[in-house]
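Let me give you the structure first, and then I'll get to my questions.
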Amino acid sequence: MTLLQISETFKAPFGGLGAVVLIPVLPFLCFLLLGLFGKKHFAKSGGIIGTLSLAASAVLSLWTAYNYFFVSGKVNGVYRKIEALKITWLEFAPGVSIDMGLLLDPISVMMLVVVTFVSLMVHVYSLGYMKGEERFPVYYSFLSLFTFSMLGLVLSSNIFQIYIFWELVGVSSFLLIGYYFEKPSAVAASKKAFIVTRFADLGFLIGILILSFHAETLDFGTLIQRLTDSNSTPLHTAAASSFIGLSALTWGLLLVFMGGAGKSAMFPLHIWLPDAMEGPTPVSALIHAATMVVAGVYLVARLFPVFAISCPGALEVVMYVGAFSALFAAVVACTQTDIKRVLAYSTMSQIGYMMFALGVSGYGGESGLGFTASMFHLFTHAMFKALLFLGAGAVIHYVHSNEMGDMGGLRKYMPVTHLTFLIACLAIAGVPPLSGFFSKEEILTAAFHSNKLIYGIALFTAGLTAFYMFRLYFSIFWKKEYNNHKNDLNHKGHIEHKEAAVSPHSEGKGHGGEAPMTMKLPLMILGLLAVVAGFVPFGNFVSSDGKALHSEFHLTMAIAPIVFGLIGIALAFVMYKRENNLPAKISGALRGLYQSALHKFYVDEVYLFVTKKIVFNLIGRPSAWIDKNAVNGLVDAGGMFAQDSSEEIRVWQSGKVQSYAIWFLAGVLGLVLAFVYIL
């Protein structure tokens, strides 16, 4: 594509796509600027530069969303897909190439708003939270890279392009989780996240190769069309090819989902998520609300028509894995005492909700209801989950600890944080009329119409969610009187995350207030959105193949979730509003279950055992022996043979003319004798 053609493309629908290009480009330029010159030239202003660039991207995203949804995006009542800037990057043969382009449709435009807005709130919040950090510009350069990677991912027009940005998201998370690289635990956490997701991404890459081989394209639109058309040859070929009883199409989709499950921390690839809390708390908000963990949901949603129409069996796997992950994480969250780990397992549980909502859409239910509900919950969850993490950061900022035992009674000292955190807890618990109520109710409605078992699991999980979130709320803001002096003396022994102990940005009791305005303002904005986001009309949504979908709200279906949620809140109120021995009695009565959940059902230990005893001993050691004795031995033998041979023949290349003359005469004599003998 020529520059002239690109400029003409910019003049395409709703005021030009040049603005859309700037949305990811601005944070990328900020990453380069702060990464290369931040330490020397922008040591104090790096945060302002990063925040302003994200503010510009957020404004452009809102403008794009307005134009798409209300001006030029809808044709004949259906939102269209707009593909632009399709530039050939690598061409292997005529008609076989990897293109780079932009794709705008309802889910990508919605994700633009979510990613840029939440990232902007994190940037503003970090101005106060990370103030005084030695590597302040570096932190903002990493944030900008993270945001750019996710924006590139959601705008990708083909499945290989999405993989490129998928890996950039992994690199960005590695850098931010290990930001405090002088801490061994942070380094270990970053490596753990990187390695676990790399294994999952290997499956994703193989899945890409399988799907693109049979569809003969990497473009999302063409791939979906060819693999969903019942008269399509690629579909019949992919369905007919089989391995171990499963078709190539099923294998391809399951391997793609493997990549999504790794990024979104679905069981059993979830083990990196709790340890990722070693990064700064604002980073946790960005990872959990708008970037890394929602990438897997977005990937399945992007290929949803292929899952639902061509291979419902693969979508069933998505459904059951999502439902189990939601329940598993909720049970574990009920026992954790580190407030960030509680929120981490909460994210895993809510992402599980989104996954099984996609799954039930293809499981005999009403068409598209679960898809729309999943995207709706992704939208609302981003607001209240970012609020929860940033609120937790404000608490850590004040108390200098992550442990619930060091907290209590903070509502008196942190009124803004208390109110906004309460709003977020009510939202995630599904209390009407807050945002989480509407999106979660739609998911439960979709599950009820499709699979009663999944509905039962989801309903019970909703009650657990309300319980563990208000266990967290009451433990932080009620329960007992906060003793700041005692905590200041003891916090060093309890602290797990460096930012809780950093004094330059600590403004707790005796330091003039709960937090600077740069931290309180994002809390207030997100608190407002957690209240009103549920009223966004998500009806008339469309899937990634352009098929019109819908959403539904049934008041009668909302009764059971509300009752389960109120029961969970009531139990938390009785057990944790004031100090008592009821939690100890219940944990003692359920000792086996409690200890298992406290230790995360020993999944990490199973991984460690498998890694050390099986992978290392049964695979690693034999491989090392073969490498040392067979591969290296063969190479060494070849080297020794060459050395010994050279020792024997080096006398022939001595450089002495006399020796050469003797050998020459001997050769001539030998030839003469041979001729005489023959004749």
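The values are calculated or read from the model by the stated rules, or taken from the named source; none is laboratory data. In this text, all values refer to a predicted model and were calculated from it rather than measured experimentally. Neighbour counts run over all protein chains shown; Cβ positions are idealised from the backbone, glycine included. For accessibility, only protein heavy atoms count, side chains too; no ligands or nucleic acids. Shrake-Rupley method; radii C 1.70, N 1.55, O 1.52, S 1.80 Å.
Only one residue in 423, 454, 428, 396 is open to solvent by 10 Å² or more (accessible area, probe 1.4 Å), modelled with pLDDT of 90 or more and more than 21 Å from residue 107 (Cα to Cα), so which one is that?
Of the residues listed, the single one that is open to solvent by 10 Å² or more (accessible area, probe 1.4 Å), modelled with pLDDT of 90 or more and more than 21 Å from residue 107 (Cα to Cα) is 423.
Go through segment 322-340 and give me each residue that's surrounded by fewer than 23 Cβ atoms within 10 Å (Cβ to Cβ) and assigned to a helix (DSSP H, G or I).
324, 327, 331
Scan segment 399-408 for residues that are open to solvent by less than 10 Å² (accessible area, probe 1.4 Å) and among the small types (Gly, Ala, Ser) and jot them down.
Answer for segment 399-408, where residues must be open to solvent by less than 10 Å² (accessible area, probe 1.4 Å) and among the small types (Gly, Ala, Ser): 401, 408.
Quick one: how many residues across segment 66-81 are of a type in the set (Gly, Ala, Ser) and part of a helix (DSSP H, G or I)?
1
Please determine, by comparing only the residues of segment 223-282 that are of a type in the set (Phe, Trp, Tyr) and farther than 27 Å from residue 332 by Cβ, which one is surrounded by the most Cβ atoms within 10 Å (Cβ to Cβ).
251
With the condition kept exactly as written, say whether any residue in segment 608-617 is more than 33 Å from the chain's Cα centre (by Cα) and surrounded by 10 or more Cβ atoms within 10 Å (Cβ to Cβ).
No, that holds for no residue.
Do you know which of the residues in segment 204-222 that are open to solvent by 30 Å² or more (accessible area, probe 1.4 Å) and in a helix (DSSP H, G or I) is farthest from residue 297 (Cα to Cα)?
So the residue we want is 213.
Mind listing whichever residues of segment 102-116 are among the β-branched types (Val, Ile, Thr), free of Cβ contacts under 8 Å to residues at least 60 places away in the same chain and open to solvent by less than 10 Å² (accessible area, probe 1.4 Å)?
109
Scan segment 210-229 residue by residue and report those that are touching a Gly at 6+ places or on another chain (Cβ under 8 Å) and farther than 20 Å from residue 362 by Cα.
Once the filter is applied, which keeps residues that are touching a Gly at 6+ places or on another chain (Cβ under 8 Å) and farther than 20 Å from residue 362 by Cα, segment 210-229 yields 210, 214.
Go over the candidates 382, 301 one by one and state the one that is closer than 21 Å to residue 220 by Cβ, in a helix (DSSP H, G or I) and under 19 Å from the mean Cα position of the chain (by Cα).
That would be 301, the only listed residue that is closer than 21 Å to residue 220 by Cβ, in a helix (DSSP H, G or I) and under 19 Å from the mean Cα position of the chain (by Cα).
State yes or no: is residue 444 over 15 Å from residue 388 (Cα atoms), touching a Phe, Trp or Tyr at 6+ places or on another chain (Cβ under 9 Å) and outside any loop (DSSP other than H, G, I, E, B)?
yes
Now, a different point. Within the group 330, 357, 308, 314, which residue is closer than 26 Å to residue 404 by Cα and either modelled with pLDDT of 95 or more or not aromatic (Phe, Trp, Tyr) (or both)?
Testing whether each residue is closer than 26 Å to residue 404 by Cα and either modelled with pLDDT of 95 or more or not aromatic (Phe, Trp, Tyr) (or both) leaves just 330.
Test residue 167 against the criterion of being under 30 Å from residue 312 (Cα atoms), of a type outside the set (Phe, Trp, Tyr) and in contact with a Pro (Cβ under 8 Å, 6 or more places away or on another chain), and give yes or no.
When the stated conditions are applied, residue 167 does not pass them.
Could you tell me which residue of segment 528-546 is modelled with the highest pLDDT, considering only residues that are of a type outside the set (D, E, K, R), farther than 15 Å from residue 428 by Cα and buried (at least 18 other Cβ atoms within 10 Å of the Cβ)?
Among those that are of a type outside the set (D, E, K, R), farther than 15 Å from residue 428 by Cα and buried (at least 18 other Cβ atoms within 10 Å of the Cβ), it is 538.
Let me ask you something else. Go through (1) surrounded by 22 or more Cβ atoms within 10 Å (Cβ to Cβ); (2) farther than 19 Å from residue 537 by Cβ; (3) of a type in the set (Gly, Ala, Ser); (4) more than 25 Å from the chain's Cα centre (by Cα) one by one and return the number of the condition residue 119 breaks.
(4) is the only condition that residue 119 fails.
For segment 305-314, state whether one or more residues are open to solvent by less than 10 Å² (accessible area, probe 1.4 Å) and touching an Asp or Glu at 6+ places or on another chain (Cβ under 8 Å).
Yes, segment 305-314 contains a residue that is open to solvent by less than 10 Å² (accessible area, probe 1.4 Å) and touching an Asp or Glu at 6+ places or on another chain (Cβ under 8 Å).
Just wondering, is there one or more residues in segment 155-170 that are out of contact with any strand residue (DSSP E or B) (no Cβ under 6 Å at 6 or more places or on another chain), under 19 Å from residue 61 (Cβ atoms) and either of a type in the set (Ser, Thr, Tyr) or open to solvent by less than 10 Å² (accessible area, probe 1.4 Å) (or both)?
So far as segment 155-170 goes, yes, one or more of its residues are out of contact with any strand residue (DSSP E or B) (no Cβ under 6 Å at 6 or more places or on another chain), under 19 Å from residue 61 (Cβ atoms) and either of a type in the set (Ser, Thr, Tyr) or open to solvent by less than 10 Å² (accessible area, probe 1.4 Å) (or both).
Listed residues 659, 587, 654, 596; which is surrounded by 10 or more Cβ atoms within 10 Å (Cβ to Cβ), small (Gly, Ala, Ser) and at pLDDT below 75?
654
Given the criteria modelled with pLDDT under 75 and assigned to a helix (DSSP H, G or I), does residue 648 qualify?
Here the answer is yes, as residue 648 does meet what is asked.
Only one of (1) under 34 Å from the mean Cα position of the chain (by Cα); (2) in contact (Cβ under 8 Å) with a residue 12 or more places away in the chain is not met by residue 605, so which one is it?
(2)
Is segment 58-66 home to any residue that is at pLDDT below 95, of a type in the set (S, T, N, Q) and open to solvent by 10 Å² or more (accessible area, probe 1.4 Å)?
No, because not a single residue in segment 58-66 is at pLDDT below 95, of a type in the set (S, T, N, Q) and open to solvent by 10 Å² or more (accessible area, probe 1.4 Å).
On the given criteria, is residue 506 modelled with pLDDT of 50 or more and more than 26 Å from the chain's Cα centre (by Cα)?
no
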